[in-house]
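Written below as structure tokens is the structure these notes are about.
The values are calculated or read from the model by the stated rules, or taken from the named source; none is laboratory data. Quantities reported herein were computed from a predicted structural model and do not represent experimental measurements. We place every Cβ from the backbone using ideal geometry, glycine too, and count neighbours over all the protein chains shown.
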């Protein structure tokens, strides 16, 4: 894949490529989400791009609003399973200030979506605040909480290196769904019943909770505008994150232009 500069008001666009031809252009917007099972899949005109969330998180957190992402194949490279490599490459390439105004919205009403015991919500607040509660019946995870006011520096230092994680007991069923075909101990934090299977330790004790916030940043980027408000998540994943963005725009009374 290749990241290309884009003109003012382009937004984040994915292009499915074959040789030098563009087969489909897919704006990174919530209405183009077609699958939320363990990742974020975007689609348009029968073409799709898989596992977009880590790249979207890096692009959004680095304050990039106009970029064209060209992809040969149908999946974003996983690298280490985090957003850190994308941040590094974006920092190496640099950014250019453009003349158009950056669009942002301010949350003015509480918005919540739930599924079973999981939920996530948006609330009025100053800046962009994120909090998440994770709870797994596993000796190395248990209950984890994280809360932060998000900006570029905080994302890079506190979230970008957090890797995707999973459990070896779930691997067979996940692969039967056609997922995690390339999962290894180099790109996924894997837990067995009692311990960590990777040779390298966790970067932070609450790395799983931090990675959930990476996914949140990537999924909220599908709003297509910057959000001023507070996100709260409890055991939520991509599906609820996407529902929350849809619920946000289901009623224009939920937000105002900032």
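Kindly provide the set of residues from the stretch 1-12 that are out of contact with any helix residue (DSSP H, G or I) (no Cβ under 8 Å at 6 or more places or on another chain), surrounded by 13 or more Cβ atoms within 10 Å (Cβ to Cβ) and within 17 Å of residue 100 (Cα to Cα), ordered by number. Correct list: 5, 6, 10, 11. All conditions in (1) over 21 Å from residue 158 (Cα atoms); (2) touching a helix residue (DSSP H, G or I) at 6+ places or on another chain (Cβ under 9 Å) hold for residue 82, with the sole exception of (1). Here residue 67 fulfils each of the conditions (1) touching a helix residue (DSSP H, G or I) at 6+ places or on another chain (Cβ under 7 Å); (2) crowded, with 20+ Cβ neighbours inside 10 Å; (3) under 30 Å from residue 190 (Cα atoms) apart from (3). Screening the stretch 8-110 for strands (runs of 3 or more DSSP E) wholly inside it with 2 or more residues that are closer than 23 Å to residue 254 by Cβ and in contact with a strand residue (DSSP E or B) (Cβ under 9 Å, 6 or more places away or on another chain) returns the ranges 104-107. Looking across the stretch 126-145, the residues that are surrounded by 15 or more Cβ atoms within 10 Å (Cβ to Cβ) and under 29 Å from residue 253 (Cα atoms) come down to 128, 129, 130, 131, 132, 133. Between 196, 222, 213, the distinction of being surrounded by 23 or more Cβ atoms within 10 Å (Cβ to Cβ) and farther than 16 Å from residue 159 by Cβ belongs to 222 only.
State yes or no: is residue 103 touching a helix residue (DSSP H, G or I) at 6+ places or on another chain (Cβ under 9 Å), within 21 Å of residue 7 (Cβ to Cβ) and in contact (Cβ under 8 Å) with a residue 60 or more places away in the chain? It is false that residue 103 is touching a helix residue (DSSP H, G or I) at 6+ places or on another chain (Cβ under 9 Å), within 21 Å of residue 7 (Cβ to Cβ) and in contact (Cβ under 8 Å) with a residue 60 or more places away in the chain. When only residues in the stretch 225-243 that are in contact with a helix residue (DSSP H, G or I) (Cβ under 8 Å, 6 or more places away or on another chain) and under 11 Å from residue 122 (Cα atoms) count, which is surrounded by the fewest Cβ atoms within 10 Å (Cβ to Cβ)? The qualifying residue surrounded by the fewest Cβ atoms within 10 Å (Cβ to Cβ) is 227.
Being farther than 25 Å from residue 243 by Cβ, modelled with pLDDT of 95 or more and more than 17 Å from the chain's Cα centre (by Cα) is a condition met by at least one residue of the stretch 72-85. Selection of the stretch 232-258 for residues being in a loop (DSSP other than H, G, I, E, B) and closer than 23 Å to residue 166 by Cβ yields 235, 236, 237.
Of all residues in the stretch 223-231, one or more are at pLDDT 95 or above, part of a helix (DSSP H, G or I) and either farther than 18 Å from residue 38 by Cβ or in contact with a strand residue (DSSP E or B) (Cβ under 9 Å, 6 or more places away or on another chain) (or both). How many residues are loosely packed, with under 15 Cβ neighbours inside 10 Å, modelled with pLDDT of 95 or more and closer than 26 Å to residue 240 by Cα if we restrict to the stretch 88-107? Residues meeting the conditions: 1.
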